[in-house]
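Presented below is the structure to which this report refers.
The values are calculated or read from the model by the stated rules, or taken from the named source; none is laboratory data. All values reported here derive from a predicted model rather than from experimental measurement. Every residue, glycine as well, gets a Cβ built from its backbone with ideal geometry; the counts of neighbours run over all protein chains shown.
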Ligand code: AMP
Ligand code: ZN
């Protein structure tokens with residue numbers, strides 16, 4: 001499996017630190033608003049990377065943070081007359097809902113910056129002790145960039161060029177810095193802001209230190225993959241490398257993966273430009289499976305322009321796969337028996353589609369070619385499976401389609417939702433069973449409904465039910 005590594009600017013063979021295991025960290029969103037579909041791109045792309053790694057047999061430890069302390073969260077809390085915590089908790093819940101609707105798996109761990117302050121203070125202290133950081137009179141702590149000779153290795157920037165660029169940018173009030181390149185690790189609190197005590201002043205952490213600390217705590221000092229959108233390469237990821245490698249004395253991450261932007265009218269979709277659609281808005285018009293398919297129809301390192309035409313094309317493409325899946329499900333329900341000689345021969349061709357799919361994904365996760373392999377399988381199924389096919393053959397084709405689609409996070413066959421009328425009928429049957437003192441049957445019905453997400457509650461007015 002080859003991965004394009006931003007560090008070397010080349011595709012490299014993936015070799016995990018520990019056989020059979022992948023440690024992966026993906027920078028998550030700052031939670032002060034509903035996420036937009038630009039934020040959804042790394043979520044969908046790296047969830048697909050994870051799913052493919054799992055399909056290859058790796059055990060993936062996938063960590064993705066929520067940045068829940070930040071100027072924008074505080075500004076929103078002030079605007080609404082509430083606390084930063086209330087704002088961030090609300091948007092974390094909303095984000096998790098969007099992720100579920102896009103079929104993005106929950107991370108192994110979703111750490112919150114505000115829960116990891118002690119670890120951040122420890123890392124900053126270590127950096128000070130090692131001479132890589134220094135506090136100034138007002139209690140701000142800065143990282144001493146020039147002390148880290150490899151600074152710039154990820155963004156391929158040269159320290160001297162950075163130096164001249166930054167000189168003109170020096171912000172007033174930052175004149176306590178030794179050098180314009182130095183960045184903040186800890187900053188003093190302002191009135192009304194959340195803050196934590198520290199050896200330097202009451203205050204809060206800078207953004208970059210969060211990820212170094214959470215990655216170390218949940219994955220260890222050395223990890224396999226660190227990922228995020230390409231805007232994070234500099235300064236965020238460059239600064240994370242500086243902090244982690246100076247603190248731990250080890251290479252931080254072996255492979256650095258960055259997705260290109262989702263654009264609109266060929267401009268980056270972003271909250272600050274105001275040219276964005278939230279996932280929620282898009283979800284009102286399309287099933288979010290369509291958004292997922294749209295994202296995966298391009299390579300993750302190519303810019304992708306959001307347009308109605310492309311979403312329509314994505315919808316049509318997804319429909320072809322889902323229609324095939326539904327037909328296979330129906331054939332499977334009615335079919336019986338073992339494969340004929342002819343079908344056995346055809347079954348021998350199935351591995352070819354999987355191999356084609358794997359070859360595409362092994363080449364730096366070429367999801368566009370992976371989807372083409374799925375389309376070829378769909379064509380094969382449409383040509384060769386029908387109501388006379390044996391169960392063995394239908395199931396073999398159906399399983400292959402489900403397996404490949406699942407790696408893309410595409411749901412081929414939705415579990416059917418139980419209808420209200422069927423629920424009422426089962427509840428009535430349960431009441432009758434109880435009256436007849438057939439409690440085993442009554443319990444069986446309750447459990448059956450529970451499995452389908454229906455919760456029963458016995459009240460004085462009779463049985464009430466809710467969908468979980
Ligand atoms: P933020 O909340 O701005 O820190 O962004 C969270 C994640 O979304 C980061 O990995 C960003 O790089 C990524 N991101 C933000 N906007 C876009 C966009 N228009 N296209 C692709 N990725 C984006
Ligand atoms: Zn980060």
**Q.** residue 37 being buried (at least 23 other Cβ atoms within 10 Å of the Cβ) and either farther than 21 Å from residue 219 by Cβ or within 15 Å of ligand 1 (Cβ to nearest atom) (or both)
**A.** yes
Q) Taking residue 45, is it part of a helix (DSSP H, G or I), out of contact with any strand residue (DSSP E or B) (no Cβ under 8 Å at 6 or more places or on another chain) and buried (at least 22 other Cβ atoms within 10 Å of the Cβ)? A) no
Q | Failed criterion for residue 32 (all others in (1) in contact (Cβ under 8 Å) with a residue 60 or more places away in the chain; (2) within 14 Å of ligand 1 (Cβ to nearest atom); (3) assigned to a loop (DSSP other than H, G, I, E, B) hold) | A | (1)
(Q) Give me the residue from segment 258-268 that is surrounded by 18 or more Cβ atoms within 10 Å (Cβ to Cβ) and over 21 Å from residue 48 (Cβ atoms) and, out of that set, farthest from ligand 2 (Cβ to nearest atom). (A) 264
Q.
Regarding segment 304-319, can at least one residue be identified that is touching a residue at least 60 places away in the same chain (Cβ under 8 Å), assigned to a loop (DSSP other than H, G, I, E, B) and surrounded by fewer than 19 Cβ atoms within 10 Å (Cβ to Cβ)?
A. no
Q. Among the residues of segment 12-25, is any under 30 Å from residue 287 (Cα atoms) and either touching a helix residue (DSSP H, G or I) at 6+ places or on another chain (Cβ under 6 Å) or buried (at least 21 other Cβ atoms within 10 Å of the Cβ) (or both)?
A. yes
Q: Would you check which residues across segment 53-74 are within 21 Å of residue 117 (Cβ to Cβ), in contact (Cβ under 8 Å) with a residue 24 or more places away in the chain and either part of a helix (DSSP H, G or I) or in contact with a helix residue (DSSP H, G or I) (Cβ under 6 Å, 6 or more places away or on another chain) (or both) and list them?
A: 63, 65, 66, 67, 68, 69, 72, 73, 74
Q) Quick one: how many residues across segment 233-257 are within 12 Å of ligand 2 (Cβ to nearest atom), surrounded by fewer than 21 Cβ atoms within 10 Å (Cβ to Cβ) and within 20 Å of the chain's Cα centre (by Cα)? A) 2
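One line per residue, one yes/no per condition, for (1) part of a helix (DSSP H, G or I); (2) surrounded by fewer than 16 Cβ atoms within 10 Å (Cβ to Cβ); (3) modelled with pLDDT of 95 or more:
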position	(1), (2), (3)
359	yes, yes, yes
409	no, no, yes
426	yes, no, no
431	yes, yes, no
